[in-house]
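Let me begin by presenting the structure, written as structure tokens, before commenting on it.
The values are calculated or read from the model by the stated rules, or taken from the named source; none is laboratory data. No experiment lies behind these values; they were computed from the predicted model shown. Methodologically, a virtual Cβ is constructed for each residue, glycine included, from the backbone with ideal geometry; neighbour enumeration extends over all protein chains shown. Heads up: the accessible areas ignore ligands, DNA and RNA and are worked out on the full protein's heavy atoms, side chains in. Shrake-Rupley method; radii C 1.70, N 1.55, O 1.52, S 1.80 Å.
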Amino acid sequence: MSLEQSYTAILGQLGEDVTREGLVDTPKRAAKAMQFLCKGYQQTLEEVTNGALFSSDNSEMVLVKNIELYSLCEHHILPFIGKAHVAYMPNGKVLGLSKVARIVDMFARRLQIQENLTREIAEAIESITDAAGVAVVIEAQHMCMMMRGVEKQNSTMVTSVMLGQFRSNPATRSEFLSLIR
Ligand SMILES: [Zn+2]
């Protein structure tokens, strides 16, 4: 069964008349939208960074903050949206600026839990840059909490992963945390 046919089945199961005018093209559109929201499965780290790694003597922290983040929770297939803050301590190589955001997107465009998403981004940055340290903080609101279940509209989930110098050096970690505050 195609994704489109599956959506027709779901709408029918929900009690909809799948032949009514407003829904005629909905399965097709929903399938296309879901394929876009999950396109990270078709991407690889090599492809999204596309060789944009440059030699640099800079060993000071590089921080990209407030990266918009849209993902789907793997438990309910409902969106969670928020911001990612990504920092690393270069070790001879720096990554093209837009590539950090692309790496965030590649992992966000899959079914996720926020904790794993945070770790996957950190480990990807570490492996591609060989950085002396990587820090990732994600703040997000989960529709599965806001629209259903406990219906808590104002709670934000914060997750962080600290690798290398961000883990071992409290001064580096607190510099990062004050910069994103
Ligand atoms: Zn959920």
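Based on this model, can you work out whether S2 counts as farther than 30 Å from T129 by Cα, surrounded by 12 or more Cβ atoms within 10 Å (Cβ to Cβ) and without any contact (Cβ under 8 Å) to a residue 60 or more places away in the chain? For S2, the condition - farther than 30 Å from T129 by Cα, surrounded by 12 or more Cβ atoms within 10 Å (Cβ to Cβ) and without any contact (Cβ under 8 Å) to a residue 60 or more places away in the chain - is not met.
The residues of the stretch 53-69 that are out of contact with any Lys or Arg (no Cβ under 7 Å at 6 or more places or on another chain) and either open to solvent by less than 30 Å² (accessible area, probe 1.4 Å) or within 14 Å of the ligand (Cβ to nearest atom) (or both) amount to a single one, V64.
Selection of the stretch 57-95 for residues being aliphatic (A, V, I, L, M), more than 21 Å from Q153 (Cα to Cα) and either touching a residue at least 60 places away in the same chain (Cβ under 8 Å) or not in a strand (DSSP E or B) (or both) yields M61, L63, A87, M89. Of the residues making up the stretch 36-51, those that are over 24 Å from R148 (Cβ atoms) and loosely packed, with under 15 Cβ neighbours inside 10 Å number 8.
Taking the criterion of being touching a residue at least 40 places away in the same chain (Cβ under 8 Å) and in contact with a Leu (Cβ under 6 Å, 6 or more places away or on another chain), the residues of the stretch 110-127 that qualify are L111, A122, A124. Scanning the stretch 132-181 for residues that are crowded, with 19+ Cβ neighbours inside 10 Å and over 22 Å from the mean Cα position of the chain (by Cα) returns A132, Q165, T172.
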